[in-house]
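Below is one structure, written out as structure tokens, with a few remarks after it.
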Amino acid sequence: MGSVGVVVPCYRYGHFLEDSVGSVLADPGLDVRVLVIDDASPDDSGDRARQLAERDPRVEVVVHPENRGHIATYNEGLLEWCDADYAVLLSADDRLTPGALRRAVDYLDANPGSGMVYGHYLRFDGTGALPKARTGRPRPRTYEGRAWLERRFRHGNGCIASPEVVVRTSVQRAVGGYDPELPHTGDIEMWMRFAARADVGYLAGVDQAYYRVHGNNMSVEWLGDAGLRDLRQRWAAYSAFFAKEGGRVTDRAGAERTVRDKLAGEALWAACRSYDRGRWRTEPVDELVGFAEEIAPEVETLPEWRALLLRRRIGPERMQAVGRLVPRAYWRRAREELWWRRWRYTGV
């Protein structure tokens, strides 16, 4: 059975470490080591990490004398420290479900062509009991890397939070770490680099991690402005991926066109919804439209463009009353929402 190195970056989350690290060490019989990297927290997080290391020799601690930022911290652990067969990046406020590492290791041991494996994750906010996790026997699926990439191009986003992923360390070193130019979507871009070089595994029927949702999540700040900053960061991730790995993509031009149209459509739809909700004065409608025009040369062929024109003809004041009584673009977007529901079972 392969060994596992778990990197736990921490900044002011020392009060979560007991549960986070404990979830890693709870599975007996695994060859696992944990590195907690405290990024110069101004509280007692470093001391809490050292206390864990004193109690269990499998836990190591590094405390930065000054803050280096989350991307540098991630890469330090994954690229410089981890020498195990497999690697995990687990934020200090997240947890693994019982048996998650063993299920992932069993899959990677049996599928040497896969560079990573992931499963479904459960959200929790820490205010009550943890959601009940499915921890039985998984139904492993292996996706050819290029096929998995094509799904990412069509959907224009990642389908992974992060704590539910276990990667093959040799592939991690081959693709490199997180891109410091992508503070919000570096994970999307890196997973695509994995898929460009190896197959991707998914463990259906089980829950692999708990992902904490709270006001301090780093992703929260990127969800304002009707999603404009998030859209820009996602486009930056795809642009970076094509620049690095475009030569490994079949029909790169077609793939880029697919991503451009998808993200432009999302931007236009966000602009449409600003009209529907009566927020055209407070949300960046012009900027959303400008983003769509910037990245999609044939933006006027998109159904969301026609939906936007319809709203403009009706007028913003009347659109608030009309609401969702708009044809094709609305129903297309409704179908897109079904994907998120199906993802729990398909993982792609």
**OP:** Select, from 104, 129, 92, 195, the only residue that is surrounded by fewer than 20 Cβ atoms within 10 Å (Cβ to Cβ) and either within 17 Å of the chain's Cα centre (by Cα) or among the hydrophobic types (A, V, I, L, M, F, W, C) (or both).
**Re:** 129
Subject >> helices (runs of 4 or more DSSP H) enclosed by the stretch 3-114 - at least 3 residues per element that are under 28 Å from residue 197 (Cα atoms) >> reply: 70-75, 100-110
Original post:
Where in the stretch 235-348 are the helices (runs of 4 or more DSSP H), entirely inside, with at least 1 residues that are modelled with pLDDT of 75 or more and under 17 Å from residue 156 (Cα atoms)?
Top reply: 252-276, 285-295, 303-314
**OP:** Scan 207, 230, 225, 187 and give me the residue that is more than 23 Å from residue 73 (Cα to Cα), crowded, with 17+ Cβ neighbours inside 10 Å and not β-branched (Val, Ile, Thr).
**Re:** 207
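The values are calculated or read from the model by the stated rules, or taken from the named source; none is laboratory data. In this text the structure is predicted, and so the values were computed from the model without any measurement. FYI the Cβ positions are ideal-geometry reconstructions off the backbone, even for glycines, and counts take in every protein chain you see.
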